[in-house]
């Protein structure tokens, strides 16, 4: 089965600073998803990457999939309190979405 | 677009009663809906997959008689927790996807339902 390891597990960042979250797969990724979850809420779809080397941006969040399609990174520029939450990467295997271990992001003033 | 709702958002019930949770895709027709369970500080655990008009496929270890899933239409799936017990207390989240949309493989999630069984 596909395993997704995220790093770091948790991150405390001062407001306005940049940060990066990584997601590493044990197998080749044929579709990598990034979601964000706030405590006690559902998941918000951020982006999906499919091609090696692909990069997508939405507002201040940029996600990349490496050429070998086994690692993805999520970069947030000039972080804001609204970015706080748990970030999950996910990959579909046999029609099922497998999630990474998650990264808890805290933004401090 | 791709909005999924759940109702109720919170439910408290007595042990032994049954609880029904609804999941609706509001602006698209979902060919497949998924039900997940999430424990505190843990990731989502897939419980079952349901396709419209057919029986749900349950993951290993999930009791199908305990967690009844009905996917009666392309916009509605329900999860019924039968004879609920305190250990069923959890956060239940549904998701939906549609191969009829350009982003067909992406799952869109509902806001979740928190169940507390007393």
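Brief remarks on what is shown
- Candidates A:63, A:78: the one that is outside any strand (DSSP E or B) and at pLDDT 95 or above is A:78.
- Residues of segment B:31-57 satisfying the condition of being part of a loop (DSSP other than H, G, I, E, B) and modelled with pLDDT of 90 or more: B:56
- Here residue B:99 passes the criteria (1) within 14 Å of residue B:37 (Cβ to Cβ); (2) at pLDDT below 95 except the one numbered (1).
- Extreme residue, surrounded by the fewest Cβ atoms within 10 Å (Cβ to Cβ), among residues of segment B:72-104 that are touching a strand residue (DSSP E or B) at 6+ places or on another chain (Cβ under 6 Å) and within 11 Å of another protein chain (Cβ to nearest Cβ): B:91
- Output for segment B:58-82, where each listed residue is more than 22 Å from residue B:17 (Cα to Cα) and touching a residue at least 40 places away in the same chain (Cβ under 8 Å): B:74, B:75, B:76
- Verdict on residue B:60 being part of a loop (DSSP other than H, G, I, E, B), within 13 Å of chain A (Cβ to nearest Cβ) and either at pLDDT below 95 or at positive phi (or both): yes
- Meets criteria (within 14 Å of chain A (Cβ to nearest Cβ) and loosely packed, with under 14 Cβ neighbours inside 10 Å) for residue B:10: yes
- Of the residues making up segment B:49-56, at least one is under 10 Å from the mean Cα position of the chain (by Cα) and within 14 Å of another protein chain (Cβ to nearest Cβ).
- Selected residue (only one of A:97, A:46 is in a strand (DSSP E or B), over 10 Å from the mean Cα position of the chain (by Cα), under 26 Å from residue B:50 (Cβ atoms) and within 14 Å of another protein chain (Cβ to nearest Cβ)): A:97
The values are calculated or read from the model by the stated rules, or taken from the named source; none is laboratory data. In this text, all values refer to a predicted model and were calculated from it rather than measured experimentally. No Cβ is skipped: glycine too gets one built from the backbone with ideal geometry, and neighbour counts run over all protein chains shown.
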